[in-house]
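**Student:** Can you read through this structure? Questions will come right after.
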Amino acid sequence: MDSRRPPNKSKTPTTRPLSEQERIDNALLRMVTRTGRSMQADRIELWHQDLRGVPIEAIESVFETWGRTERQLPTCADIYRLLRVWAADRAQVGCGCESEHGTGYDINDCLWLFKRAIALSARNPNKHIATDEWIGLFKELNAKREGGVPSAFRGAAAGWMVAQ
């Protein structure tokens, strides 16, 4: 990769502060080095233009990911796809329902129920698990859980699992 900064030939100048431009250049350099490829100065300038408005942390992350996992240089579509994944990961962090986290059944509870339901079905392969059997499984699960019934389900009607 050419370490000299190319002259800006575009009609709209790159608007990032110099430090952000350098961070993008460094991310590109690491990615290019990892893939064992080279990149021309005009292509570097295109990346700056194409990624205008994208958070610098996202750019660094996706170029790092690409450099570690791929053998060729990415297209703009490749990077935009990774940026969508990056944004989706960040969106889940601040989902707005943090007060509800940890108040229900967790993945271990679900796995326990799944295993028990499979064992129950194996005993009677031609029969669906009845509602009262499901309620029995949940009662057994709640008895084994630390804290018993999850707080989100405390005070629920006795037949909360029954279809209305």
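The values are calculated or read from the model by the stated rules, or taken from the named source; none is laboratory data. Keep in mind that this is a model prediction, so the values were computed, not measured. Positions of Cβ are generated from backbone atoms using ideal geometry, with glycine treated the same way; all protein chains shown enter the neighbour counts.
Residue-wise test of (1) farther than 30 Å from E146 by Cβ; (2) part of a loop (DSSP other than H, G, I, E, B); (3) in contact (Cβ under 8 Å) with a residue 24 or more places away in the chain.
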residue	(1), (2), (3)
M39	yes, yes, yes
W66	yes, no, yes
A77	yes, no, no
L83	yes, no, yes
S99	no, no, no
F114	no, no, no
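**Student:** Still on this structure: Here is a check on your reading of the model: is R116 modelled with pLDDT of 85 or more, at negative phi and surrounded by 11 or more Cβ atoms within 10 Å (Cβ to Cβ)?
**Tutor:** Values: modelled with pLDDT of 85 or more: yes; at negative phi: yes; surrounded by 11 or more Cβ atoms within 10 Å (Cβ to Cβ): yes.
Criteria met by R116.
Let's see how each residue does on (1) under 23 Å from R90 (Cα atoms); (2) modelled with pLDDT under 90; (3) polar (S, T, N, Q); (4) surrounded by 16 or more Cβ atoms within 10 Å (Cβ to Cβ):
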residue: R5; (1), (2), (3), (4): no, yes, no, no
residue: T15; (1), (2), (3), (4): no, yes, yes, no
residue: R34; (1), (2), (3), (4): no, no, no, yes
residue: L46; (1), (2), (3), (4): no, no, no, no
residue: F63; (1), (2), (3), (4): yes, no, no, yes
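**Student:** What's the total number of residues in region 141-164 that are closer than 20 Å to T131 by Cβ and either surrounded by 10 or more Cβ atoms within 10 Å (Cβ to Cβ) or at pLDDT 75 or above (or both)?
**Tutor:** Total meeting the criteria: 11.
**Student:** With (1) assigned to a helix (DSSP H, G or I); (2) touching a Leu at 6+ places or on another chain (Cβ under 8 Å) as the list, and D132 as the residue in question, which single condition is left unmet?
**Tutor:** (2)
**Student:** Further, regarding this structure: Taking the stated definitions as given, is R71 loosely packed, with under 10 Cβ neighbours inside 10 Å, of a type in the set (K, R) and modelled with pLDDT of 80 or more?
**Tutor:** yes
**Student:** Kindly provide the set of residues from region 32-82 that are acidic (D, E) and touching a helix residue (DSSP H, G or I) at 6+ places or on another chain (Cβ under 6 Å), ordered by number.
**Tutor:** Going residue by residue through region 32-82, those that are acidic (D, E) are 42, 45, 50, 57, 60, 64, 70, 78.
Within region 32-82, D50, E60 qualify.
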